[in-house]
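A.B. asks: Handing you a structure now.
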Amino acid sequence: MTQAHNRAEAGESLTSVEAHLAEILGTVRPLAPAELSLADAHGLVLAEDIKASTPLPSFDNSAMDGYAVRVEDVAAASEQAPVTLPVVAEVAAGDIGAYALQPGTSIRIMTGAMLPHGTEAVVPVEWTDGGTARVTIRGKAEHGNAIRLAGGDAKAGEVLVSSGTLLRPMHIAVIAATGRGTVQVRPRPRVAVLSTGSELAEPGTPVVPGRIWDSNSFMIAAAAREAGCVARRQAIVPDNPEEVLPAIEDQLVRSDLIITTGGVSMGGEYDVVKAALRQLGTIAFRKVAMQPGMPQGFGTIAVTVPAAREDTADRSGLAEPVRKVLRGDKAVEDKTAPAAVAEQVPIFTLPGNPVSAYVSFQVFVRPAIGALQAYDQLGLEEARAELTGPLRSPAGRRSYLRGVLDRSRARVTPLTGQGSHQVATLGKANALIIVPEWVVQMTEGETAEVLVLPC
Ligand code: AMP
Ligand code: MG
């Protein structure tokens, strides 16, 4: 990078966190919905309204194990003067036989079993002697006692789970209860994570002075999974501009989102990610008014894939990449490819310091992962808490400081060791304390905004 370029960068004004995030959310398009088995839908975002196909429950049934009776026949029953009725049949859950209750008799019935025609109430087994041929009943039952009426939970055609809902176990239960075996959902975004840096070594291998083990790619892939993605971590890319673009290109066709770390700092010949991607012209590198995480890069890479691959059938990320054309100076013409469709794959180039990369992920990438699924609730939960100690922050930048939040007491303790390389401190945090751009210090006892880290 030239000196002139460095000077130009140094003079760049800072972009606000909101402006950077707004550009990201204005760019990322939701993935096309896919029809998935209900068994695979947990944690995904629903892309259709689920309506009750029948009333719920769909037939009148018993809420308890007991005896189907007519109210008049047990009206006189009490502890002192029990009533005895013949038991003429037994209905279990799932029994589809048509039973009819005659006056002066009872039918033994189980929870969830269809009510015999003519039933006015169910006497719970606890009020009886549990008899099978004859039953002695020690209490009277009102009309409708222990009966679940058809439609008492939902009417046919009622919307039970709305499009855009992140499917949690109870939603899965509701959908199953409507009889649906498959649902339209946004597929789990496929994320490729690459860390760059010639100083990086694979954990599990020996490391020499001057080198460090790569923690970012494992962390970011884990954070992406935590946010609902299928994430793959790629091998470390050294600080060689010639290797960066091919490494990214390799991931394009099988990824919905690419995240790199390192190589985007304040200028210099080792900023290989910036150097390699700048030539594409579709990725903006800027300084965001935050700490940590000032150098941010975001944009899209156009990739054309054969039309046949446009379906969402193979989203496992395991398939071999197909031929593709990377747009830009490094474009590779693929004349053999059949009719092709262009896709824009969003890419984040996060700073290399682990804390910077982590904070950047939570503040910018997590909401973008939500946008890929047409879901706007993926940002971290915000809370307010009283500071147990003082803290400082640079003027004009929003700080995200590592802290330990005690939710029950609404107190947050800033950790010591707030350097953006201090991964050990990051490991102790469960919250990020937000210090606004215009605040340079806060004292013990003041109330701070915090972001609650996912757990
Ligand atoms: P860079 O953004 O490439 O200038 O890196 C900034 C700092 O983060 C340097 O001290 C790097 O050694 C460190 N760093 C970069 N990538 C990683 C990584 N994958 N894991 C741990 N530390 C990293
Ligand atoms: Mg580096």
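A.B. asks: Show me the trypsin sites (Lys or Arg not before Pro) within the range 340-417 that DSSP assigns to loop and that have at most 14 other Cβ atoms within 10 Å of their Cβ. Can you show the working numbers first?
C.D. replies: Details: sites: Arg384, Arg392, Arg397, Arg398, Arg402, Arg407, Arg409, Arg411; in loops: Arg397, Arg407, Arg409.
Here the trypsin sites (Lys or Arg not before Pro) that fit, given the DSSP loop and packing criteria, are Arg407, Arg409.
A.B. asks: Suppose the chain between Glu72 and Gln279 were pulled fully straight at 0.36 nm per residue; how much longer would it get relative to their current alpha carbon spacing?
C.D. replies: This chain segment gains 65.8 nm when fully extended.
A.B. asks: Efficiency by 1/(1 + (r/R0)^6): what FRET value for His421 and Gln377, r their Cβ-Cβ distance, R0 = 30 Å, to the nearest 0.05?
C.D. replies: On the way: r = 32 Å, r/R0 = 1.06.
In this case the efficiency is close to 0.40.
A.B. asks: Starting from the amide H of Ala150, placed 1.01 Å from N in the peptide plane, find each other amide H under 5 Å away whose residue is 5 or more places distant or on another chain.
C.D. replies: Asp60, Asn61
A.B. asks: With a/c under 1.5 counting as rounded, go ahead and sort the chain into rounded, prolate or oblate using the C-alpha gyration tensor (a ≥ b ≥ c being the square roots of the eigenvalues; past the cut-off, prolate if a/b is larger than b/c, else oblate).
C.D. replies: Working: a/c = 3.51, a/b = 2.09, b/c = 1.68.
Cα axes put the chain in the prolate bin.
A.B. asks: Only loop residues by DSSP count here, and only those with at most 11 other Cβ atoms within 10 Å; note down the chymotrypsin sites (Phe, Trp or Tyr not before Pro) in the range 371-445 that meet that. Let's see the in-between values first.
C.D. replies: On the way: sites: Tyr375, Tyr400, Trp438; in loops: Tyr375, Trp438.
Those that pass, being in a loop and sparsely packed, are Trp438.
A.B. asks: Under 13 Å from the Cβ of Arg225, count the other residues' Cβ atoms, weight Lys and Arg +1, Asp and Glu -1, and hand me the total. Show your work: numbers first, answer last.
C.D. replies: Details: positive: Arg188, Arg190, Arg232, Arg233, Arg366; negative: Glu226.
Here the charged neighbours net out to +4.
A.B. asks: Using DSSP, restrict attention to beta bridges with both residues in the chain and report what percent are antiparallel, rounded to the nearest 5. If you can, show how the numbers build up before the last one.
C.D. replies: Numbers: 63 of 89 bridges.
That works out to approximately 70 percent antiparallel.
A.B. asks: Provide the net charge surrounding Gly417, with neighbours chosen by a C-beta distance below 12 Å and charges set as Lys +1, Arg +1, Asp -1, Glu -1.
C.D. replies: Numbers: positive: Arg402, Lys428; negative: none.
Result for the local shell: +2.
A.B. asks: Using the per-residue mean of other Cβ atoms lying within 10 Å as a proxy for protection, in what order, highest first, do the peptides 129-140, 60-71 fall?
C.D. replies: Values: 129-140: 15.2, 60-71: 22.1.
Peptide ranking by packing, descending: 60-71, 129-140.
A.B. asks: Hey, another quick one. Output wanted: per-residue J couplings in Hz (rounded whole) for the range 122-130, from phi through Karplus 6.51 cos²θ - 1.76 cosθ + 1.60, θ = phi - 60°, x for Gly and Pro.
C.D. replies: 10, 8, x, 4, 5, 8, 10, 8, x
A.B. asks: Something else about it: Against the empirical 2.2 N^0.38 Å scaling, what ratio does the C-alpha Rg of the range 1-145 come to? Could you put the intermediate results ahead of the total?
C.D. replies: Working: Rg = 32.1 Å, N = 145, 2.2 N^0.38 = 14.6 Å.
Here the answer is 2.20, to two decimals.
A.B. asks: How high is the FRET efficiency between Glu242 and Ala98 when r is their beta carbon distance and R₀ equals 60 Å, given to the nearest 0.05?
C.D. replies: Values: r = 78 Å, r/R0 = 1.31.
That pair, Glu242 with Ala98, gives E of 0.15.
A.B. asks: Using mean Cβ contacts within 10 Å as the protection proxy, how do 48-56, 249-257 order, highest first? List each step's numbers first, then the result.
C.D. replies: Details: 48-56: 16.7, 249-257: 21.3.
Top to bottom by mean Cβ count within 10 Å: 249-257, 48-56.
A.B. asks: Treating the range 168-221 as a set of equal point scatterers at the Cα positions, no solvent, please give the Debye-formula log₁₀ I(q)/I(0) at q = 0.14, 0.18, 0.31 Å⁻¹.
C.D. replies: -0.58, -0.69, -1.20
A.B. asks: What is the total of Lys pairs in the chain with C-alpha atoms under 19 Å apart, excluding same-chain pairs fewer than 8 positions apart? All intermediate terms of the calculation are to be shown ahead of the outcome.
C.D. replies: On the way: Lys51/Lys155; Lys274/Lys287; Lys274/Lys330; Lys324/Lys335.
Lysine pairs satisfying the spacing and distance rule in the chain number 4.
A.B. asks: Next question. Largest first and in whole Å, what are the equivalent-ellipsoid semi-axes of the range 87-174 based on the Cα gyration tensor, each being the root of 5 times an eigenvalue?
C.D. replies: Numbers: eigenvalues 227, 38, 32 Å².
Equivalent-ellipsoid dimensions as semi-axes: 34, 14, 13 Å.
A.B. asks: Pop out the ³J(HN,Hα) list for the range 362-377 in order, Karplus 6.51 cos²θ - 1.76 cosθ + 1.60 with θ = phi - 60°, rounded to Hz; leave Gly and Pro as x.
C.D. replies: Values, residue by residue: 5, 7, 10, 6, 4, x, 5, 5, x, 4, 4, 10, 6, 10, 9, 10 Hz.
A.B. asks: What does the charge add up to near Ala201, with Lys and Arg as +1, Asp and Glu as -1, over the other residues with Cβ less than 11 Å from its Cβ?
C.D. replies: Working: positive: Arg211; negative: Glu199, Glu202, Asp214.
With Lys, Arg at +1 and Asp, Glu at -1, the neighbours total -2.
A.B. asks: For Lys51, list long-range residues whose amide hydrogen, built 1.01 Å from N in the peptide plane, is under 5 Å from its own amide hydrogen.
C.D. replies: Amide H to amide H, under 5 Å and 5 or more residues apart or across chains, Lys51 pairs with Leu160.
Throughout, read-outs are computed from the coordinates displayed, never taken from laboratory work. Because the structure is predicted, anything quoted here is derived from the model rather than measured. So basically every Cβ, Gly included, is an ideal-geometry build from the backbone, and we count neighbours across all protein chains shown.
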